[in-house]
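Working notes, structure below.
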Amino acid sequence: MLRYLFHRLWQSAVTLVLASIVVFAGVRALPGDPALAMAGEEADPQTLAAVRAQLGLDDPLPVQYVKFLGHALTGDFGRSTRTGTPVSEMIGATLPVTVQLAVYAMLIAVLAGLLLGVIAAVFRGRWPEWAANGFSLFALSVPTFWLGILAVVYLSVQLGWFPASGYVSPLKDPVRGLYYLTLPAVILGLSHAAVVQRQTRGSMVGTLTADFVRTARAKGLGRGAVIVRYGLRNSLIVVTTIVGLQLGGLIAGAVVTERIFSLPGIGKLTLDSVFSRDYPVIQAVVLVITFAYIVINLLVDVLYTVIDPRVRVSGRAS
């Protein structure tokens, strides 16, 4: 077990270093001059030179990368070229909003996807399966931004069931906080619920038609026990994979949803930084999201060893 964890930690560390190189190079390849964005369009050459020296843009790229990585390891991402605020403070203020939205959306996606997946597998070939598959097809086909706009227009503006915009921290006021996050979380989680539903159905159909399940039924085990003990439990490995992959994607993909519902999350911060060529914020946000994605997948791999002991065996053997 410890050898398996060490192996995964080593892979994660290497992945993070490679990702930092890609982030650093990608940000430097973006068009525009951060010194010009910070000093203003009418800045004279002396001012631009002073700003470039202050930002370290005159150093060779390898030197810039080493400085960037060294500061990032200590949590120092520099200051925003747009506002002068420390980037770590900006991320600290916006990241919790995105994490709360992503976790809430994933919770909705898992609960709805598991329920509909079980229904589709148990009632195979009948109208409940068709309804569940129809939901997944709709959720996967309609763009999230279009659903978000429709939700704001009809559910918020016309019916007044949910607020059209705004944010209240669930840590300060849990009821109002969840109320403000419910509609964005539902919109964001619909497509992910469809993926969970399809994977759960496929896994359960294969399990429920296996020989050992027929043997268990022949020995008198009830239908509900078969569904929970064999069907649902065996499908959890697939669902864990989907949740691990999509939770990181939710954090990175909440940009459009946060924009539609005016949530002060990291997605809105990213868009504002891209439009203003705020390079320190862009590279810090991308690096933090990459780190979160790697950590989430590492936790999923560890969780595999709890759900399926065969992973421990294969990890030890390798």
How much length is gained on full extension from D58 to L16, taking 0.36 nm per residue of separation minus their Cα-Cα distance?
12.5 nm
Amide H of R79 versus every other amide H placed in the peptide plane: which residues, excluding those fewer than 5 positions away on the same chain, fall under 5 Å?
V87
Quick one: Karplus J couplings for the range 98-106, per residue in order, coefficients 6.51, -1.76, 1.60, θ = phi - 60°, nearest Hz, x for Gly and Pro?
5, 5, 4, 5, 5, 5, 5, 5, 5
Charge tally in the Cβ shell below 15 Å around I289, where Lys, Arg are +1 and Asp, Glu are -1, I289 excluded
0
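Values in this text are rule-based calculations from the coordinates and carry no lab data. Owing to the predicted nature of the structure, the values given are computational and were not obtained by experimental measurement. Don't worry about glycine lacking a Cβ; one is built from the backbone with ideal geometry, like all the others, and counts go over all protein chains shown.
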